Amino acid sequence: MAGEDFGQTSPQWWRGRSALAAQTRVVAYILLIGLSIIFMIPLLWMVSTSFKESTLIFRVPPVWIPPTVTLENYRRGWELMIPSFGRLFSNTSIITVVSLVGTLVSSSLVGFAFAVYQARGKRVLFAILLATMMIPSQVTLIPQFILFARIGWVNTWLPLIVPVMLAPAFFVFMFRQFFATIPRDLLDSAEIDGCTPLGIYWKIAVPMAKPAFATAAVFAFLGSWNDLMGPLIYLTEMDKFTLTLGLANFQAVNYTMIQYLMPMALLALVPVLILFFAAQKYYVQGIVTTGLKG
């Protein structure tokens, strides 16, 4: 009897559970779409402002779609940028690309060593490395400036490039966690076949770590591209300014010309959007798999 009752009620129970799961999924999607719209409002306002006249910017209620679309804001904003937008974009691109490559190479090598090889005191060194992440950057700001001033690096790009090329702790941790998920037997087989440590890293670990590299690349790119504090402290000549510093200077001088600032800020945002959407698949996968193994 009990078996018959279960056989009769189980399809009903599964149908009810499937309906509840579908309803939960619909509610989750509605919430996610609503939150996405809320977070996109600043970007949408920036895009809208870049194409409308100054008289419509602060109108209440806001005018999201201007009656007449104008490209004059882009032309005037480009002309008013000092130094030129092209110069700022070039400076920022050089700093970001060099920093990005250095960060990925150094951090992946150190993370690979921590994940794969055994050495006395490795756990202590890794704990010290992680402890450095707890130190606020403001604490080391003055000592770093004094150091770079004494070695003659002020008003150069070196303070913006060199520190982030020396295996930042966050990226070392990220690569270490990912490399720890690689089966040890695979690495041992390569070593038995005569592969050197660098060969194992380059031929086996790096191809398998595309999600980790994509995730680290997005974070490193954002950190360098959007950095304002570093250029503000170390750069004094305008020809060496980055985009963030140039936009901040533009805002300080032309603080009433929002219609010209928004187009330039939107152009500065385009590379970030392109990188994120290009690496989105690997980025999500890297976030998911980074913490699978301690």
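Values as computed for the structure displayed
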| item | result |
| --- | --- |
| Set of lysines with alpha-carbon distance to residue 122 below 19 Å, sequence-local pairs under 8 removed | 293 |
| Phi to ³J(HN,Hα) by Karplus 6.51 cos²θ - 1.76 cosθ + 1.60 over segment 242-259, Hz, x for Gly, Pro | 9, 4, 4, 5, x, 5, 5, 5, 4, 5, 5, 7, 10, 5, 8, 9, 4, 5 |
| Alpha-carbon centroid distance for the pair segment 155-202 / segment 225-262, whole angstrom | 35 |
| Fully extended contour minus Cα-Cα distance, from residue 94 to residue 29, at 0.36 nm per residue | 19.4 nm |
| Fully extended contour minus Cα-Cα distance, from residue 55 to residue 208, at 0.36 nm per residue | 49.7 nm |
| Those aspartates and glutamates that a straight Cα-Cα span of less than 19 Å connects to residue 203, excepting residues fewer than 8 apart in one chain | 185, 188, 191, 193 |
| Mean separation of Cα contacts under 8 Å (6+ apart) over length of the chain, as relative contact order % | 30 |
| Förster radius 51 Å - calculated FRET efficiency between residue 192 and residue 40, Cβ distance, rounded to 0.05 | 0.45 |
| Structure-based [θ]222 nm, the chain - -39500 (n - 2.57) summed over DSSP H runs of at least 4, per residue, nearest 500 | -23000 deg cm²/dmol |
| Leading residue at positive end of dipole, segment 98-242 (Cβ point charges), from 190, 221, 125 | 125 |
| Volume in Å³ per residue [convex hull over Cα atoms, computed for the chain] | 237 |
| Selected from 122, 210, 52 as most flexible by GNM, with the chain as the system and alpha-carbon contacts under 10 Å | 122 |
| Leading residue at positive end of dipole, the chain (Cβ point charges), from 267, 65, 110 | 110 |
| Projected label distance in nm at residue 236 and residue 63, using a 7 Å step from Cα toward the beta-carbon | 4.6 |
| Sequence-distant lysines (8 or more away, or on other chains) whose Cα lies within less than 27 Å of residue 52 | none |
| Vicinal HN-Hα couplings computed from phi for segment 262-274 (Karplus, 6.51 cos²θ - 1.76 cosθ + 1.60; Hz; Gly/Pro x) | 4, x, 5, 5, 5, 5, 5, 7, 4, x, 5, 5, 4 |
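The numbers here are math on the coordinates, done by the rules we state, and not lab data. Just so you know, these numbers come straight off a predicted model, no measurement behind them. Every residue, glycine among them, receives a Cβ derived from its backbone with ideal geometry; neighbour counts consider all protein chains shown.
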